[in-house]
Amino acid sequence: MRRRRYPRRAPRCGSPRVFELWYAIVATMFALYVVLDGYDIGAGVVHPIVAHTDAERRTVLGAIGPYWDANEVWLLAAGGALFLAFPRVLASALSGFYLAIFLIVWCLLLRAIAIEFRSHLAEPLWRGFWDVVFMGASVLLAVLFGAALGNVIRGVPLTAEGWFRLTLFTTFRPREPVGILDWYTVLAGAFSLVALAGHGAAFIAWRATGDVLARSRRLALGLHVGVAILWPLVTLATYAVNPAMLRALPGRPLAWLAIALAMGGLAWALVGGARPRPLATFLGSSAFLLGMLGATAACLFPVMLRALPDPSRSLTAFAGGAAPQGLRAALGWWAIGFPIVVGYFVLLFRLHRERVTATGDGQT
């Protein structure tokens, strides 16, 4: 059976505003996932550095313990919103990024297993093994998420029917034939690793006490200095692989606001780390991640999957969107559900606002 070719222009029926709004909603939900699950992924990356004893490592696990599984639900919610609003984009991405998605799922599973199994036995070898699994899965997740964003920015080999297939790597150059990994997506993955590690260290510094707090604060400051160095390099590399994205910047006021948020957040994180003010560092890191991802989404719009080598084949928010009538109806349900979820997280942070100290032979 012949596959249908997706239209490249906005549908004539219905206002394009509903597609713009859902693009913003999906981008916001993915950004919130990165900020919220990003700190416990980052905590997994840095925990062998900031926690030297078993009690200190249990302190790190206790710091993220009330949140990590709830944070991962944001990824499911963002994927559900993408399925609802842009099913053609999701269908193409799931088939094309099949290998990468399985790697991400396995890393998420290994992190969860490591957290839950670590304290089942008091043997140092057992706990040391799961600490390594926890760190390794967290490092891979941070790199894979950065590489995934790099693939979206660089583009994928979309066919005229809107499908593509990627191997893990080819020539390591960001041009046809492309793979999941090349020098640009690896650079994006490294930048993601440094940024999320700094985010996680800032969170631990805010929630922990004693030596763990002191080590986390110093590490967070050093990692955010690394972010400040890498950010311009990644921006120049982005211009090299997708010049149209940055050329759109002058006409995107929302992108300028997001860049201002990112710059202010990074400055706040650096100042908070130097003073020291752990909460300011964590909030600044969160603002940086939100601003950077917001600026990226604003500059990419309306493209959701950029086609290589022919950009005219790209899947856009207009071409890949669902029926406008259904999207308008879904807005009402989203307007009810989203504030409830935000309220739940506010309550969760309020209930667990005390700093964490490991006591006894448990997880906290």
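The values are calculated or read from the model by the stated rules, or taken from the named source; none is laboratory data. What you see is a predicted model; the values in this text were computed from it and never measured. For neighbour counting, all protein chains shown are included, and Cβ atoms are generated from backbone atoms with ideal geometry for every residue, glycine included.
Values for this structure:
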{"quantity": "Residues located in the stretch 225-253, provided they are surrounded by fewer than 17 Cβ atoms within 10 Å (Cβ to Cβ), closer than 15 Å to Phe301 by Cα and under 20 Å from the mean Cα position of the chain (by Cα)", "calculated": "none"}
{"quantity": "Some residue of the stretch 289-303 being touching a strand residue (DSSP E or B) at 6+ places or on another chain (Cβ under 8 Å), at pLDDT 90 or above and not in a helix (DSSP H, G or I)", "calculated": "yes"}
{"quantity": "Residues that are free of Cβ contacts under 8 Å to residues at least 60 places away in the same chain and in a loop (DSSP other than H, G, I, E, B), drawn from the stretch 223-264", "calculated": "Ala248, Arg252"}
{"quantity": "Contacts under 7 angstrom Cβ, first residue in the stretch 107-132 being touching a residue at least 24 places away in the same chain (Cβ under 8 Å) and among the small types (Gly, Ala, Ser), partner surrounded by 14 or more Cβ atoms within 10 Å (Cβ to Cβ) and outside any helix (DSSP H, G or I), 6 or more apart", "calculated": "Ser119/Gln363"}
{"quantity": "Which listed residue, of Phe172, Phe164, is within 30 Å of Asn242 (Cα to Cα), loosely packed, with under 14 Cβ neighbours inside 10 Å and either more than 16 Å from the chain's Cα centre (by Cα) or at pLDDT 95 or above (or both)", "calculated": "Phe172"}
